[in-house]
Amino acid sequence: MTGKETSPGPAACLLTPASSGGIAVIEVRGTGAAALVNQFFRPHRKSDWAADPPGRLYYGHTINGGERIDEVIVRRRPTPAGGEAVEVNCHGGVVAAGEIMRLFEQGGARETSVESYVRETGREVGCDAVRTEALERLPSARTKRAARMLCDQLNGALSQAVARLAEKPTSPAVGRLLGSAEFGTALLEPRCVALMGRPNVGKSTLFNTLVGHHRTIVSATPGTTRDYVDEIIALGGYPVELIDTAGLWRTDGRAEAHAVEAAREVGRRAGIVVLVLDRSRPLRPDEVRAAQELAGRDAIAALNKADLSPKADPAPLPADLPRCTLSASTGEGLKELESKILRLLPQPDRFPPGSPVIFNGRQQHLLERAAGLLEAGRRDSARDTLRDILRPPSES
Ligand SMILES: Nc1nc2c(ncn2[C@@H]2O[C@H](COP(=O)(O)OP(=O)(O)O)[C@@H](O)[C@H]2O)c(=O)[nH]1
Ligand SMILES: [Mg+2]
């Protein structure tokens, strides 16, 4: 954002996604919004729509010179701050809405993103910073639980908790609130879960079963899926980025060394590693080495192909590496793997609906700073810092 957001002239925002759909909504707002739309709108019945009181709907067409562009319904929207806003409902899809956006830009409107539109709306209705951030983040929530958490914060759960803290700041209370940051982050930033293992152990099959539809190529020929494939799935209310690490595991002469390297590499990149093993064959030394490399980390050994008769002896696997047995083909044992993964994520029952939750780095950073100030006995500065969490974003 530049510091010149308050520049005069209306801004146009496509509020609906630029993809196929029944209708699209464009809002033009700021001084001169109605006059701008008026250049491109012919109401069906002759009216002085731009001068009428706001709130009424006008049916007509958008026009470019003499040419009709689309059939639209236009409404002037009353804004809380007494500003000007015009909503244009046109046909959906990328073409109609795109053409109208271009017309408005030719007429002098600035194009704004949905994010800055939402931010401005928050400011307009007098939201504090935290509630505005919740409003901004809500459209990109990936799971129901994430959306509900953000709705709670939009309704003031975190704002009230922070305001109470600013009145009476104590280290334990600040610490408790900080404890919610891990939950907030896990709901909004997908944790990576990487499936690793030798070719042909069933990584892609497991990936597809978990994703619930077939995006990767499943093949009986080892090493067919070379590309790194990922997909966001919802697991127990958390968004999780599932990664199929096909191709990372080399099986040439230095297989064991490569397995260790691969485990390290995947471990660095992924939050959680699922080491997939084929239970219908004896374990190989490189698999045991990879398992040892992963012990003590956020990792799980998944003994796959449980529908076939077992040939693998799991004894050499490290005792502290959680393990489960499953069949990616039949889905048997999948729930157990999922619950093992969920055990590595924050426990949601600590945050029942309505709980205040820290959900971004800015809030966490300021809360940590307040904690530090309290430790140092600087209570007044801690109060100011806590109030900063709620301070509406400046015109920056
Ligand atoms: N019987 C059985 N076959 C499986 C299972 N999981 C995968 N496979 C088969 O094992 C072969 C290799 O699977 P794939 O997912 O491509 O392994 P990747 O190389 O690790 O990605 C394919 O023929 C799969 O159908 C399972 O749980 N049971
Ligand atoms: Mg594969």
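A few remarks follow.
- Placed amide H near CYS192: partners under 5 Å, 5+ positions off or other chain: GLU241, GLY271, ILE272
- At R0 = 22 Å, FRET efficiency that the Cβ-Cβ distance of ALA147 and ILE23 yields, to 0.05: 0.45
- The chain: most fluctuating residue of LYS46, LYS168, LYS203 per GNM, C-alpha cutoff 10 Å: LYS46
- Length gained when the stretch LEU178-CYS192 is fully extended (0.36 nm per residue, less Cα-Cα span): 2.8 nm
- Working from label points 7 Å from Cα in the Cα-to-Cβ sense, the ARG378 to ASN155 distance is 3.7 nm.
- Estimated FRET transfer efficiency when R0 is 35 angstrom, pair ALA257-SER329 (beta carbons, to 0.05): 0.65
- Estimated inter-spin distance, GLU265 and ASP52, nm [label 7 Å along Cα→Cβ]: 6.5
- Charge tally around LYS340: other residues with Cβ under 11 Å, Lys/Arg +1 each, Asp/Glu -1 each, net 0.
- Residue with peak Gaussian network fluctuation, the chain [Cα springs, cutoff 10 Å], from GLU115, GLU105, GLU27: GLU105
- Whole-Hz couplings from phi, Karplus 6.51/-1.76/1.60, listed for segment 254-271; x for Gly and Pro: 9, 3, 5, 4, 5, 4, 5, 4, 4, 4, 5, 4, 5, x, 5, 7, 9, x
- Cut-off 16 Å, label 7 Å out along Cα→Cβ of GLU105, residues of segment 112-148 by amide N: 112-114
- Pairwise FRET efficiency - VAL125 versus ARG387, Cβ, R0 = 30 Å, nearest 0.05: 0.90
- VAL74 sits among other residues whose Cβ lies under 15 Å from its own Cβ, and their net charge, with Lys and Arg +1 and Asp and Glu -1, is +2.
- Alpha carbon centroid spacing (whole Å) that separates segment 278-312 from segment 28-64: 67
- Residue with peak Gaussian network fluctuation, the chain [Cα springs, cutoff 10 Å], from GLU167, GLU87, GLU368: GLU167
- The sum of -39500 (n - 2.57) across all DSSP H runs of n ≥ 4, divided by the residue count of the chain, sets its helix-only mean residue ellipticity at 222 nm to -11000 deg cm²/dmol.
Throughout, read-outs are computed from the coordinates displayed, never taken from laboratory work. Bear in mind the structure is a predicted one, so any value in this text is a computation, not a measurement. Reconstructed Cβ throughout: ideal geometry from the backbone, glycine too, with neighbour counts over all protein chains shown.
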